[in-house]
Every structure is written in C-alpha cells, then in structure tokens.
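One structure is given here, and the rest of the page talks about it.
The values are calculated or read from the model by the stated rules, or taken from the named source; none is laboratory data. This is a predicted model, so every value here is computed, not measured. Cβ placement follows ideal geometry from the backbone for every residue including glycine, while neighbour counts extend to all protein chains displayed.
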Amino acid sequence: MSLNLPALLARHHGDPSRLVQILRDVTAAEGYISPERITEVARALGVPRGRVEGVVGFYAFFSSEPRGRFRVLFSDNITDEMAGSQALRQRLLDAFHLMPGEVSRDGLLSIGTTSCTGLCDQGPAMLVNDRAIGRLTPARVGAISSLIRGGVPVDQWPDNLFVIHSHVEKRERLLSTALVPGEAIQAAIARGAAETIAEISRSGLRGRGGAGFATGAKWAACAAAPGPTRYIVCNADEGEPGTFKDRVLFSDHADLIIEGMTVAGFAVGATKGLIYLRAEYPFLVEPLLAVLEARRRAGLLGQDVGGRSGFSFDVELHIGAGAYVCGEESALLESLEGKRGIPRNRPPFPVTHGYLEQPTVVNNVETLVAAAFVARQGAEFLRAVGTPKSPGTKILSVSGDVARPGIYEYAFGVSVRQVLEDAGATDPQAVQVGGPSGTLLAASEFSRRIAFEDVPSAGAFMVFGGTRDLLAVVDNFTRFFAHESCGFCTPCRVGTTLNANMMHRIASGQGSRRDLKDLAKVSQVMKATSHCGLGATAGSPVVDALAKFRPAFARRLKSLEVLPTFDLDEALAPAREATAREDAGAHLGEELP
Ligand code: SF4
C-alpha cells in the first residue's frame, strides 16, 4: 500500500496528540516507520523529531527498521508456552531457515515473540501483521507457512484461521442481565448527576482493574474539579498476562461499556469519552466502531444524548501499540496524548489533571459495565451479592491446566477451590491470581477467597497442574517484567533484568544460593523504590514462589557453595545453530568423531 502522508495526517487533523494513531497508520501502510518518515511526521506536526523518534522506540509494535512483509509474533505468555508455543515457533523458523527476530533475505518474513495476546483460553496464539490467530497446532502452522510462502496477503487468508471464541462458562448478574441501550442513561438523567454519583457510591462499586478504588469517590472528585472540559477514559489495555475478560466484554457486550461511559459522562459533566484499546485486539475495532455509529444514530451519543437538552457526549477510539505499562492510568493518558507511555508523578491525580491536564475519570471496562447496571437498577444490584467490602461480582479469565478455560463470573467471596472445580482442574499445584503482578497461591491456600479483602484480582486466574515446573513459570514472569519495564527509573530498569537473569540461571539449574538471596533483595528494593506499580510488583512472583515453594528452588541449585554463573556450552549454542551443528562433537566435553 503506498502512503499518502498529507492525507493521513489530515485524517488525524494534524493533531500531535494523535501521534500514536498516526504512527500506527504509517506502520499499517509501510510495515515500519523509516527515519525519513519520522522526520516528515515531526515536521508536519510541528514537534521535535526526537519526540517522534522516542515514541517509535517506545512501543513494541513500532519499528524504525524494515520487518518482513509478513510479521509473525508468537505469544510468549506462560499458558501459551505450556500449550506448546515454543515448539510451533521453532517449526516455523525451521521452515524458513530463520533465526528469531531475523528478516528473511527476500524481505518476506520475520518471526518473533510478543507478550500475552489475550487468547490464553485458546492458545497457543500468534499475531500476523497484527491479526490474531489462536488454537495453533502443527497443522495450522503448516497451513500458515504455505500461505506465507505463496505470498498470499493476510486479508485473503481463510476466515477460519481468525475465529476467536468467547468461551463464557459461567454467568452471574453482569453477564446474564439484559439492558436495552439507553435505559441506564435515562435512569441517570431521571436521578440527576449528583444523585447518580451518590447511587454509585452506595453500591460500593470498586474499580475492577485491580486497585479497587471506590468508583463513586473517583467520579465525585472529577465532577468537583475545576476545568473547562472533563473526560471519561475507558482503560481497555488489558495487558496483564492471563487476562482476557475485557476482550469478551467488548466482543459480546460493547453496548454496555459505552452505556457505562455515557452514564459516567453525564454524572461528572464530561463531553468526551476515549477508549484505549490494546493493540492486540484489532478484531474488535470494526464491530466497536459499528456500535458507536449505531448509538449516534439512536441519539445515545452526540448532541442532546438520550433527549436531554444540553447533554453532549461522544466517544473516540484510540488503539495502543504494544506497551504493558500503558495499563497504568497515567501512562495510558500519556499514550492517549501521543507520547511515550511513561507513568506520571502523582499527585496530581487524573481526576483533577488527567487527559490534556483536564479532570478525567479513568475506569476499567468491567467497572463501566457494572456502573451501567447500578445506574439502571440501583445500588442493590451490586449490594445483593458479594461481601460487605467487595459488593457485586468479578469476572475471571481462567486459563492453564483446566478442562474448561474461559470466562467465569462469580459473586465476590468465591473460593479459589470453587473456581478450580468449576473449570475442571484435576491436579492443581498452584494458581496465579491477578497475573504476574498478582498473587501466587499454593494448594494449602485454595480456601482463600476472591475479594478485595483477601485475594484481589484484575481478572487473571492461571492454573498450574501438578507436573508443571513452577520455576519455569516464575522464569517466564520475570522475563515478562524485564521486557515490559519502560526503563524510566533505575530500580525497575535494572532490577527486572537482574531478576530475570538470576531466575533464568536458577530455573536452568545453574543458580546458586547467592542468587536466591539476591532475588529477594532486588525484589524488595524494586517494591520500595520504583516509580510505578509495574516495578513495585515485578518482584511479586519471585517473592511468593520463594516463600511458598522454596524446596523447589533449593533442589534446582547446581551447588549450594559454588557460583556457577556461566555455562560455556550453553553460551556456544548460537554458534552451533549458525553452523547447523547439533552433533556430539559440537558440544564441550564430547569427544570429536
Ligand atoms: Fe517504568 Fe518500571 Fe519505573 Fe514504572 S517502575 S516508571 S515501568 S521503569
């Protein structure tokens, strides 16, 4: 596709705050963002070239160097690895005689990895030119290999490759209650803005993104903040590995999400909503735009929303570019403004200084859905179930060693054991609740409950069966954090890499007792001194595993006395790969033939 840059920029009104969206479009047209394009975009937007270059370098889905015409990224989430993603990736690499990250000489193909693609219930998964494919098998990878070799454009590949299932296995009130579009808005209008916020407060609704902040208090603070314009931001950047409930909410209940945003807009006096959708979910874009358009036609977005004179509210869609840290609300706002997603200093908080420095509510997708129901049915909709401190329900994304992975909605207070039984986990040894930054639970803790006052969760529920190597799991998590650290502050930038290196040594049997001590120490320093939640929680899987599965670590140490941190034979592996040698003579300690 040839690129008409002036036309592209005009589509974005030459607005620098749309820089991420502009660079996404350049990437879609040309596959990468050349240094010349960086200069042209900077000039046209009237911003320093360094700013554009910084944004290109920050996001995983941007590149300033050419990549293959087919850009394949395998998810390296732990559940995809458990389902065999590494062997499938190697199969494709072998088929094209490529190394990871390398571009084939004819420019046809590059193969790499990416963090969780949100298809943990139907992995292994991959992205091809940003389109998601799940349920990979050797046969499907073989078919994909043939399509690539034949140069068939991705939009002409068979539709069945791109089918994404919702897998809703259990519904409580959020997923089983119908709501006619506009009903919640009418109820909010009838109640009035202040009383709508009061009703949300009475319901006890707390943010479902993990932190659990009181939604009513957040809305009230935004409504009271001075400023000419207010914004509602829907945080749909669910990048926590193991979480995919927002994907299903968007695919099956997008109307409810927009309804919740509009109710929030009415309550706080906002005129504009922004959805920040993660880049890994491009298949949701067209249906979502159709829902927005239908609501405009129905008078549920735009001017005089719901027939209420003077109430203007519309919603704009922004798409991320592959950065886990943008799930943090202030980093997300930076990204929405077309910048690198570096978390801001807080205070001030987004409710007073959010998008474009204006009062902004940032809510999780599930929070907005719950808010829509509270607006229509009152506080009792949530208060009727759950616990006093955690009213309502929680949607869990269940994956890993279970018979029925998928979406499960429970009243808060459900035990971990109950979820395991429902999902068909036959021999669970551990569960990671809330993703790598959450809590690792041993079997002795399965009576604990999913609730803010016990085990909080943004939604991920990854199950590890009795035969799984938990050290490999923690190794995967530490690699994830090292990859996703934005590099802004030293404790996290250095600490996540140190932890990943030490954990990898231990998991591969090359670690020492010293590594165990240092892992704990580094995790503690990161928790105490990191700038944002990513660094503060990056050590959690290590700390939890050391506390609950220490014998597994001790058994894996090569020696408790020596410090064997360098394995020469392993270090020579790339040389063996390059020379296609895997025979005994190519290994140290083996006799030459
Ligand atoms: Fe970036 Fe990590 Fe620092 Fe957060 S803690 S600002 S992710 S380097």
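GLU366 satisfies every condition listed in (1) closer than 29 Å to THR393 by Cβ; (2) among the acidic types (Asp, Glu); (3) surrounded by fewer than 24 Cβ atoms within 10 Å (Cβ to Cβ) except (3). Before we move on, is ARG43 surrounded by 14 or more Cβ atoms within 10 Å (Cβ to Cβ) and more than 30 Å from GLY466 (Cβ to Cβ)? No. Find the residue count for segment 403-459, including only residues that are among the β-branched types (Val, Ile, Thr), under 15 Å from GLY386 (Cβ atoms) and either in a strand (DSSP E or B) or modelled with pLDDT under 95 (or both). Total satisfying the criteria: 2.
In this structure, LEU516 does not satisfy being over 28 Å from PHE58 (Cβ atoms), away from the ligand (no atom under 13 Å from the Cβ) and modelled with pLDDT of 95 or more.
With respect to the conditions (1) assigned to a helix (DSSP H, G or I); (2) among the charged types (D, E, K, R); (3) within 22 Å of GLY386 (Cα to Cα), GLU169 lacks only one, and its number is (1). Restricting ARG230, ARG208 to those that are under 30 Å from ALA482 (Cα atoms) and either assigned by TED's automatic domain parsing to the domain that holds ARG24 or touching a residue at least 40 places away in the same chain (Cβ under 8 Å) (or both) reduces the list to ARG208.
Just to be sure before I move on: is ARG376 out of contact with any Cys (no Cβ under 9 Å at 6 or more places or on another chain), outside the structural domain of VAL268 (by TED's automatic domain parsing) and in contact (Cβ under 8 Å) with a residue 12 or more places away in the chain in the structure I sent? No, not satisfied. Among the residues of segment 524-536, some residue qualifies, meaning at least one is more than 24 Å from GLU329 (Cβ to Cβ) and either within 14 Å of the ligand (Cβ to nearest atom) or in a loop (DSSP other than H, G, I, E, B) (or both).
Checking each residue of segment 319-334 against the condition of being farther than 30 Å from THR478 by Cα, among the hydrophobic types (A, V, I, L, M, F, W, C) and away from the ligand (no atom under 16 Å from the Cβ) gives no match. Looking only at segment 480-513, filter to residues that are outside any helix (DSSP H, G or I) and within 16 Å of the ligand (Cβ to nearest atom); which one of those is farthest from ALA554 (Cα to Cα)? Going through the qualifying residues, I end up with PHE488. Would you be able to tell me the number of residues in segment 39-58 that are under 24 Å from PHE488 (Cβ atoms) and of a type outside the set (A, V, I, L, M, F, W, C)? Result for segment 39-58: 7.
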